[in-house]
Amino acid sequence: MNGCRTWIKVVLLMLIGSIPLYAQINTADALNDSVMSGIGMDSVFAEVDSIAFADTLPLTAVDNIVAHDSPNDAGGVVELYWTLSRADVLGQGRVSGYQVLRSEASADEFRIIARLGPGTDRFVDTNAPAAIDYKYIIRTLTYSGDFVDSEVSPVVSSSGQWFRPQYIPIIVAIVVIAFLMFITRRLPVMDEIWIFPSIRNLAETVIKPHTEPLVYVPGTGSYSCMATIASITLMEQLIELMREHDNDMEVNVSDPMTFSAATECLENLDHSTAYFISPDKAVFSMAYTHKMLTKPVETAILMGTMDDESLLLTEAGSRAGAFQIAGTDNVSQIPFLLSTCELTLIGEVLFLAGPQLSPDGYRAATLLHDRLKRIAWILLLLGILGAKLGWDWYIRLFETGVR
Amino acid sequence: MNRDNRLRIMVLILGLLAILQFFIPHNTGRWINRFLLDWLVILEFFALIAGIVALVRGQLISLRKTQGNARIYPGLFFVGLAIMIVTGLVGPIAEGSLFDTCFRWFLQPLQSTLFSLLAFYMAYAAFRSFRLKSAPATILLLSAVIMLMGRMPLGERVIPNISLFANWIVRVPNVGSTRGLWIGIGLAGIATAMRVIIGIEGPASWRRR
Amino acid sequence: MSLEPGVLIPAIVTLIVFSILYKDNPLFRVAERLGVGMAAGYALILILRTGILPRLSGAVHNIADPANYLLLISVVLGAGFIFSSIGKPKTLSRYAIASAAAIGAGLAIPYLTQTLVLAQMKATMVPVGLSTKAGFNALVIAFCVLTGMSYFSFSKEPKGMRALISDMGLYTLMIAFGTTFGHFAMSRITLLINRFLFLIRDFLHIIT
Amino acid sequence: MDYPALVASISGIDRRVIYLVIALSIMVPLLLASYARVEPEIETVSFYERIQDLSEGDIILLSVDYMPGSASELEPMITAFLKQVFSKHIKIVALSLNAQGTGLLESSIENVAAEYGKNYGDDWVFLGYRPSSPAVIISLSGSPHSLFPEDPRGNELSDLPLTTDLNGFEDFNAIVAIASGASAQDWVIYGYERYTGPILVGLSGGIGPAFQSFYDTHHVKGIIAGLQGAAEYEQLVGIRGEALRAVFAQSVAHLVFVGLIVVGNLSFLAALWIERAMG
């Protein structure tokens, strides 16, 4: 059974991996496309230029002006569209541009509010205070100095909206998640819960007898990052675990707010101290390196959001011969943790470690997360099928204003 | 009502405000957003002061503990701190100012050199831990090698079409897996955030011991 | 070799930092201590002069804005940090931290939902197939997303088919990690090149 | 010949030796300086063409955050980009979302602008630095004057011809975010749903792949990733910049990386084989 499974994996892997051919054709095509489009444009312009009877036709004004309040904004913005003067479309090089004139609907004092180049058929008036009625005129100018006005646009006024309809999917998603959270909290927490392997190893490492304090780094991100909050939660749980085994913890913090949070969290909690090192990530990792290379250390735990400094920190640890456990939500740093640390908590595991190790309380979070993942998974699968079967309505449910 | 409940209520209100502002295009939304972010900046400022106070205390202690040449190190800390604060408070901080110069002559080369060390560390990490130990390790190794070869001009001359393959890996499987990770991280983050707002995780939930 | 301080001092700093590659040494310690002090001062001045003072002047400009007065709360809470740092009662700082966490969480929820969840899901929902290249790529992406998602399972151990899928997930994730490693190696090497260029061109004038 | 000992010594080699190898593999190619030729990526081309499509007098919002850590990758990008922009007589409103990058950014714009005879206030304006990129991005969707009453040189924004009647995002024909990390993502997350025009990003090589899927979801319309991307862009714009030079040393270093991985694995396999042989 096991053997055959390995084989299935191997075959699937080859399927993914052995397609340089596809890749080749793909990239080539894509490149061509982008080039082609460029050429296309040029040829069009060439055509337009070549139209001869530029100056012979009468100078016509732009017509059917559409003016409306720009939707889903804070107000103060009016959008104008119109069809170009025929002289502009055909007689290239005759129309020098357009002027937008605006007046309050009550009065008839039109003032020029903008100058536009030839070929422009829309204008966004970003300076139209809400709830004031305006009317517009588009004036067509020629190089020869004469001009012609369009007729007055319909009266329009801008207004701020209180809600963006295209966000309904987001709201629905949030509500669903909140609801699931609610019912999952009500669930009886199973007493024998399966613990994710790397999290279990983490817990086991922490309760091993240590002569030196464990070194803990709650990432280098600000405290308003979810990862940092999760990391502090995890730290709390780990300390609970190791206190029974008389291990100490030394917390090194880079972000000042996180430092205050850590000190708060460790308040009146023996076996643990928090140190503020430096708000600057580079200097922080410098000081951390020095600490590692000069003081004996057995175990170092780095959890939270980290940028490039992650490798600086873990390399220092491995030079000091420490047993390192690291986790981050920053996808681009995970490979370095994998290659320098004995144990790595990949992405979301970081968020779930605290809940999984907590004796009770919000351990239900694990159930919630699995449910969310399962639902997302199924929705996604349906979506992929749907795309094949052309259920546009379904895919539109996930539309969040992506253009 | 006891203190913890008061804390929970404040957390709930601020959290809901922060969610709400996202859905309000009206100026009020912007106002709320600006307000909350100002709130954060102010807190960060004070937190930083507190942090520096803690630093100074620590340095003073080590200054008292150590004697002889070792005293120079905490001393240097105070020198550095003084330099920046004085130059920053008296003069301008724009480009060319004394403050900026101190930064450029010392902190900036320090930072960039430190991050350039990563090249060495990565090489060593690759040498030591990219081994054909297991199937996953092998895949990691292979895609890393393909990337290294594919994303350099001379790579083409070593292995033809390698860059196309590398690009394909970046564009297709890499995108897929990253998305998978992101969806998971997103969901986990949302759940954590909700737990923080209703006060079963984070500061509002810390027990007083 | 150029002796003007603007080049000499950075060059010395650069060499000192490189020295850590060999082993920890007093010079590195000197740079580190000095750096810790300067970085702290730098951060403080920066947030004061670019974050706090402009906000204050803004408050003076439009005094009517209620935000100015509501923000006084945050000032009071923030002061709590200083109290707690000198060992006074910690109630205020607890409130301050909680408020920071709450704001962070509130801001995160809608943005995470939009950008990391819904947008990514929608982007994956494209017609798959084996006949066209686009379709094939879409298939591979879909495969990677679905397996990559199912690598993590927290409430019960994956068995049978699920175990298979989650293993595949690990493999696909490894592809992404390998890719990222390659890219990062690239960018860090660039940085090293830049430092070397600084040393041999700007400092030692060996090359032009 | 004592093979086990040899193998052991290879796999257990001192890290300093590796460090030395890397140092040489970069230093030597730099000393014999030479330029390389590169094949532009689709994302880079798309970035380039989005800028080419703009017309004279358009305004681009350039938001830069780079730690000195990634300056070496991003600076060539910025220079090449600015050369393209100024030669097309497009105007630039720049700001910094990262304290450390501020000075470097202003000076590098200054240099290129001087080269093209562009003067401050009319053709480019530097707004300076404000903390917390989400705050800045969101408030820029409105009028910049509230957040940036004056620029670092002390001019009132309302006095400068370029900025005097900026009312928000609508006035920018494109937003270019060149970043070494967080702020590029903030532009996608916070800027995207407020700004309708194209958002183009230049990134330090590391976060390139992570942004690939933002490109596929059309959150961003173009990406310049890392030194390679910078070199490609220099080639597209048609200048022989630092990136094209560094790329050669880069290639050698990459080969050395691969070589190290190979050697490491050979010694590893040999060790396995010896174990077997010894039983």
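The values are calculated or read from the model by the stated rules, or taken from the named source; none is laboratory data. Quick caveat: nothing in here was measured; it's all calculated off a predicted structure. Cβ: placed from backbone, ideal geometry, glycine included. Neighbour counts: every protein chain shown.
Any idea which of B:ILE83, B:ILE93 is over 30 Å from C:LEU170 (Cα atoms), in a loop (DSSP other than H, G, I, E, B) and within 7 Å of another protein chain (Cβ to nearest Cβ)?
Exactly one of B:ILE83, B:ILE93 is over 30 Å from C:LEU170 (Cα atoms), in a loop (DSSP other than H, G, I, E, B) and within 7 Å of another protein chain (Cβ to nearest Cβ), namely B:ILE93.
A:LYS373 passes all but one of (1) assigned by TED's automatic domain parsing to the domain that holds A:ALA227; (2) within 28 Å of B:ILE200 (Cα to Cα); (3) among the basic types (Lys, Arg); which number fails?
In the conditions (1) assigned by TED's automatic domain parsing to the domain that holds A:ALA227; (2) within 28 Å of B:ILE200 (Cα to Cα); (3) among the basic types (Lys, Arg), A:LYS373 misses (1) alone.
Are any residues in the range B:42-69 touching a Pro at 6+ places or on another chain (Cβ under 6 Å) and of a type in the set (A, V, I, L, M, F, W, C), and if so, which ones?
Correct list: B:ALA47, B:LEU48, B:LEU63.
Of all helices (runs of 4 or more DSSP H) completely enclosed by the range B:105-176, which ones contain at least 3 residues that are aromatic (Phe, Trp, Tyr) and more than 7 Å from chain C (Cβ to nearest Cβ)?
Here the list reads B:108-129.
Given the structure, is C:ILE175 at the interface with chain B (Cβ under 7 Å from one of its Cβ atoms) and either in contact with a strand residue (DSSP E or B) (Cβ under 7 Å, 6 or more places away or on another chain) or touching a residue at least 12 places away in the same chain (Cβ under 8 Å) (or both)?
Yes, satisfied.
Report yes if some residue within the range C:63-79 is touching a Lys or Arg at 6+ places or on another chain (Cβ under 6 Å) and closer than 29 Å to B:PRO74 by Cβ; otherwise report no.
The answer is no, given that none of the residues of the range C:63-79 is touching a Lys or Arg at 6+ places or on another chain (Cβ under 6 Å) and closer than 29 Å to B:PRO74 by Cβ.
Can you tell me which condition C:ALA100 does not meet? The list is (1) more than 22 Å from A:ALA261 (Cα to Cα); (2) under 30 Å from the mean Cα position of the chain (by Cα); (3) not aromatic (Phe, Trp, Tyr), and all the others hold.
Going through (1) more than 22 Å from A:ALA261 (Cα to Cα); (2) under 30 Å from the mean Cα position of the chain (by Cα); (3) not aromatic (Phe, Trp, Tyr) one by one, C:ALA100 breaks only (1).
Got a number for residues in the range D:1-20 being farther than 15 Å from D:ALA271 by Cα and surrounded by 18 or more Cβ atoms within 10 Å (Cβ to Cβ)?
3
Between B:ALA50, B:ALA119, which is closer than 30 Å to C:SER99 by Cα and buried (at least 24 other Cβ atoms within 10 Å of the Cβ)?
B:ALA50
Go through the range C:17-33 and give me each residue that's of a type outside the set (S, T, N, Q), within 27 Å of D:VAL21 (Cβ to Cβ), surrounded by fewer than 20 Cβ atoms within 10 Å (Cβ to Cβ) and touching a Phe, Trp or Tyr at 6+ places or on another chain (Cβ under 8 Å).
C:LEU21
Specify which of the listed residues (D:SER70, D:SER55, D:SER34) is over 20 Å from D:ALA184 (Cβ atoms) and at pLDDT below 85.
Result of the check over D:SER70, D:SER55, D:SER34: D:SER34.
Mind listing whichever residues of the range A:136-173 are crowded, with 20+ Cβ neighbours inside 10 Å and free of Cβ contacts under 8 Å to residues at least 40 places away in the same chain?
If the condition is that a residue be crowded, with 20+ Cβ neighbours inside 10 Å and free of Cβ contacts under 8 Å to residues at least 40 places away in the same chain, then A:ALA173 is the only one that fits.
List pairs: first residue in the range A:289-314 and closer than 21 Å to C:LEU21 by Cα, second residue among the acidic types (Asp, Glu) and assigned to a helix (DSSP H, G or I) anywhere in the structure, Cβ distance under 7 angstrom, at least six positions apart or on different chains.
A:HIS290/C:GLU32
Quick test for you: out of D:VAL136, D:VAL125, pick the one residue that is at pLDDT 85 or above and buried (at least 20 other Cβ atoms within 10 Å of the Cβ).
After ruling out the rest, the residue left standing is D:VAL125.
Between C:SER166, C:SER155, C:SER150, which is within 11 Å of chain B (Cβ to nearest Cβ), of a type in the set (S, T, N, Q) and in contact with a Ser or Thr (Cβ under 6 Å, 6 or more places away or on another chain)?
Criteria check complete, one pass: C:SER150.
I'd like to verify a number: residues in the range C:85-94 that are crowded, with 23+ Cβ neighbours inside 10 Å and either at the interface with chain B (Cβ under 7 Å from one of its Cβ atoms) or not in a helix (DSSP H, G or I) (or both), how many?
Counting residues in the range C:85-94 that are crowded, with 23+ Cβ neighbours inside 10 Å and either at the interface with chain B (Cβ under 7 Å from one of its Cβ atoms) or not in a helix (DSSP H, G or I) (or both) gives 2.
Would you confirm whether or not the range B:37-48 contains a residue that is more than 8 Å from every other protein chain (Cβ to nearest Cβ) and hydrophobic (A, V, I, L, M, F, W, C)?
Checked the range B:37-48: no residue is more than 8 Å from every other protein chain (Cβ to nearest Cβ) and hydrophobic (A, V, I, L, M, F, W, C).
Taking helices (runs of 4 or more DSSP H) that do not extend beyond the range D:1-82, which have at least 3 residues that are in the same structural domain as D:LEU260 (by TED's automatic domain parsing) and over 21 Å from the mean Cα position of the chain (by Cα)?
In the range D:1-82, D:3-11, D:15-31 are the helices (runs of 4 or more DSSP H) which contain 3 or more residues that are in the same structural domain as D:LEU260 (by TED's automatic domain parsing) and over 21 Å from the mean Cα position of the chain (by Cα).
Conditions first: (1) more than 21 Å from C:ARG55 (Cβ to Cβ); (2) out of contact with any strand residue (DSSP E or B) (no Cβ under 6 Å at 6 or more places or on another chain). D:SER141 passes all but one, so which condition is the exception?
With respect to (1) more than 21 Å from C:ARG55 (Cβ to Cβ); (2) out of contact with any strand residue (DSSP E or B) (no Cβ under 6 Å at 6 or more places or on another chain), D:SER141 is out only on (1).
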